[in-house]
Every structure is written in C-alpha cells, then in structure tokens.
1. Give the residue that is modelled with the highest pLDDT, with candidates limited to residues of segment 24-59 that are small (G, A, S) and under 18 Å from G241 (Cα atoms).
2. Scanning segment 166-186 for residues that are in contact with a Cys (Cβ under 9 Å, 6 or more places away or on another chain) and surrounded by 19 or more Cβ atoms within 10 Å (Cβ to Cβ), which turns out farthest from W98 (Cα to Cα)?
3. I'm trying to understand the selection: among the residues of segment 374-413, which are β-branched (V, I, T) and part of a loop (DSSP other than H, G, I, E, B)?
4. Can you tell me which residues in segment 112-130 are more than 15 Å from M170 (Cβ to Cβ) and either out of contact with any helix residue (DSSP H, G or I) (no Cβ under 6 Å at 6 or more places or on another chain) or among the basic types (K, R) (or both)?
5. Within segment 384-413, how many residues are modelled with pLDDT under 90 and within 15 Å of I433 (Cβ to Cβ)?
6. Can you tell me which residue among Y21, Y66 is under 18 Å from W98 (Cα atoms) and modelled with pLDDT under 95?
7. List, please: which pairs have Cβ atoms under 8 Å, are six or more places apart or on different chains, and start with a residue in segment 304-333 that is in the same structural domain as T404 (by TED's automatic domain parsing) and end with one that is part of a helix (DSSP H, G or I) and aromatic (F, W, Y)?
8. Could you tell me which residue of segment 91-116 is surrounded by the most Cβ atoms within 10 Å (Cβ to Cβ), considering only residues that are touching a residue at least 60 places away in the same chain (Cβ under 8 Å) and of a type in the set (S, T, N, Q)?
Amino acid sequence: MAFDASPSWSGFNYQGKVALYYALVLINKETTDADLSAYSLMLESTEDFEIKKNDKSVSIHQVKAYNKSTFEKYSNALIEITLELYKQPTVYGFVHTWKAINNRPSFTTLTDSIKNDLTLICNEYKDSTDKVDTTIGKAASDSKKITKTSAILRYAFPTKSADDLYTILMEVLTGKNDALSRVESYEYDDKKKYCDLDDINKKIKNQITLAFQARKKIITDDHLDKTFHHYLGMIDRHIIGRHKTIADAKKISISINTLILVLETDLEDISKDYLSSKFKERFSYQIDQYMGDELDYPDIGDDQPCNLQAACAILLALHPRDLWEHYRSFSPHLLLDDSSNTNNAFTYNDEGIRLYLLKILHTVDIAKSEHNATRHQFTYRSKTPPLQNYLPTTITNNGRLDLTSKQMHSNPCLSEVLYEIENLIHCGETEHIFYPDAEKNTEAPMETDADQRLKRTETFKSISIIPLQKAKIELAK
C-alpha cells in the first residue's frame, strides 16, 4: 500500500474484523474434514489483507472505513488494487467498505468507473506537451511533492519510466491485461456490497455459529462471545507482533488451521484477558464511530496529517491490558476495577471515550504528545516555560467540576494516575483547581529549613482542570 488515512490497524477495529469474517467464510465453505493446511491469512502486506495458498496469493483485499459513497473517495484505492492485480495475473481483488460505492456519473458499473479514471490519466499524459507535469510524469520523476494517484503509480512500479507506466495503464484499459475483470466490491452473505460498522460483529458471530453447527458444538451466547473476542485478540496480538518486527524480510501469516483450532477448543472461564479484549473491542468501536461521523471528523483529504490517527496508532498498538491501564489514566475521576471476579470488572464509559477523549486527541497537536508506556500515560507537554504536562481525559462536561474533584478524591490510585501531571484537559468551558491532598491533612508541619520542592513520588499540590481550547492555546506556545 502506498499510504492510507483510514483508522489505524488493530485486531479489534473494522479492518481486523473484516479480515476475520472473510477467513471464517472461507472455513465455512468447506466441509469440517477438509484439509485447509495450505491456506493462510496475511495481514498488512501487499494490501490490507490477503488469502494465500502455499504462500502464493489467492485473493487480495482493501478495507476502506469511509462513511461516504461517492466514487471519488474510493478511486485511488480501486486504482491501487487494480495495479496490484496487473502484477498478479491469477489473483482476485476485493474492496470492503462501510457504504456502497456509487458509480461515476454516466457510468453503470464499478469497472467502467475505474476505466474512466484510468482513461483520464492516460489522456492527460498523451495530450500534454509537458509530460513531466502529468500524473504519470510525476510518478516517474524524483519529485517528492506529488499527488496520491502519482504516489500509487510510483509505489506499484518504482522503476518504470513514464512511457512504461502509460503502456501498463493502456494494457489494463484495452483488456490485454485482465486486471479490471478481477476487481470488485465484496458481496456479503446478505447480498449487499458493503457492511455497516454496526453489522460486522453480527456477521462474524453468525459465521462462528455456522462453524459450531457444522462441528455439532453446543452453542451458548457466552461461548459465542468468548470465541469472538478470542479471535479478535489473536489477530490483534499478531498485528502488534508484526509492527514490532516490521523490518523482518519474512512476513508471518496466520494459518487457517490455527483459526479452525479455536473452534475445537473449550475456552477457559472468565479471565482478565477476555475482559480486557472486550474492552479493547469497545474502545476501537468508539474510534470507528468517531471517524465515521462527518460532524466530528470532517473529510479534510487523505493526504492531510491527522492528530487522532497518530494518537490511535499508539493506543491501538497496545496489548488490551495495557490499553485498559491507559484508559484508567485517562479517567482519574472514575473508580475502575480490573478484577475478573467482580460484576463491574473492566467497566468503562462509552460517552467519555466517544464524545470527549477522542475529541481531545483529535484536536491537540500530536507533535506535543509524550507516551510513557511504563506508566501507562499518554500526555502532552508544553515546549516553552513553564514546562507542564497535560493529560487528556474522559471527564464529561455534563457535571460540576467540584463534584468531579470529589470523585477523584475517592480514587485510591490517584497518586499513581496523576504522577507529574499539572493539567487535566476536559471538553467543557470552565476551569477548576483540584487539590489532591485537600482531604488528607495528615502531614506534619514543614520544618523551617525543609526542602520546599515536591518529592518525585508525590502528586502535585494543585492540578488545573482546564478546557480543551485553553490547553490547545497553551501547548501551541
């Protein structure tokens, strides 16, 4: 892939779920005694994911989590996968989307719409007197400032000249290479060529149910839910591992037999891993929801850097348990329990994540961020004196901040959560000063010559709860 502006990959977001769904469909197409040992699921390689047989691609897939249907939004992705199919003559390509892709005006099929865009690129090159200044010309040049379409052409054929690129596109258009006949929008089991964010979980669980039925397994809601989250955790761990070894020449795939083995396994009773996996799935869902909302996340173009995507790339790369600990840091006003034997274990506030935390991560410049994985803290830090740390929070703006202060006083982990934090960012309009030690008053009077500085193990004597806009201004200095 040349580059992509969709939400960051994890086993728990839309892309990871679509890959899992497709693999389960592959399993369910065969009988339970079929030998699928030659098949594997490869993530984040040539495309978003691919199915391989004996290490050779059978199908390649792009997943586009856009809340739009206009063809223009998907044009580059369709060109990209078409060019990849040009290089792999026996492989099929599928595009998976939230919304149905509309055809170009005056065209009735996806294929004709792609041909139209390729024709425009070729005609521009053929008719131009300054061929270097065309989409094809820039792709073959050394220029660093090029359009995304030019970048896709360059990425697909990095050593080709402009004339070579023109010839390749003409071979696709004339049918000399049949790449266009092998690309399509994926059709789901309900005959729709799209799958809404709210439907993908249901579709995965339906495929798990079909697999259980074929294997004559007893099906309960609990078993179904555990299997679902076990699969998501498996894919998530694989992706995290891939990112840690991204420089390795050999890319590791997930064997289909490994996925089948999960269906044969009696998963253990409730555990912290299961509960934290449920949390990460829900956290990822809130990100997908936010990015799919045009009011919260307006389309600024795929080439534009995004604070939220950069922050989510960090957070979604965390193990579910580590992400949970970060959430506890983002929520100093909540008393959160991670004991697997309690009824409220791993409880969380969807509203706090969706409406407040993600808005802060989206708004504040990612260049000012600092990530302390050991302390489970994702913060922002000012670059000019007074140097201060700012913690984004899930604090809602529908309550009084003096009551929020009381809630924080009830948090026994407060000193750990607010270690070296001077400011808490919230999305309201008012400011409030919070005194962590206000309700303790157990310290002996300070001696006359005592060191006035705080010990590094202590929280600050006062912490400001400040509006997002004020934090943004202070961090911009």
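The values are calculated or read from the model by the stated rules, or taken from the named source; none is laboratory data. Everything numeric here is computed off the predicted structure, so don't read it as measured data. Please note: Cβ atoms are built from the backbone with ideal geometry, for glycine as well, and neighbour counts cover all protein chains shown.
1. Filtering segment 24-59 for residues small (G, A, S) gives 34, 37-38, 40, 45, 57, 59.
Now narrow it down to the ones that are under 18 Å from G241 (Cα atoms): 40, 45.
Details: S40: 97, S45: 77.
Out of the qualifying residues, it is S40.
2. That would be Y166.
3. T374, T384, T393, T394, I395, T396
4. Those that are more than 15 Å from M170 (Cβ to Cβ) and either out of contact with any helix residue (DSSP H, G or I) (no Cβ under 6 Å at 6 or more places or on another chain) or among the basic types (K, R) (or both): D112, S128, T129, D130.
5. Looking only at that region, the number is 9.
6. Details: Y21 fails: modelled with pLDDT under 95.
Just one listed residue meets the conditions, Y66.
7. Qualifying pairs under 8 Å: L308/Y290; L315/F283; P320/F279; L323/F279; L323/F283; W324/F279; Y327/F279; Y327/F283.
8. T97
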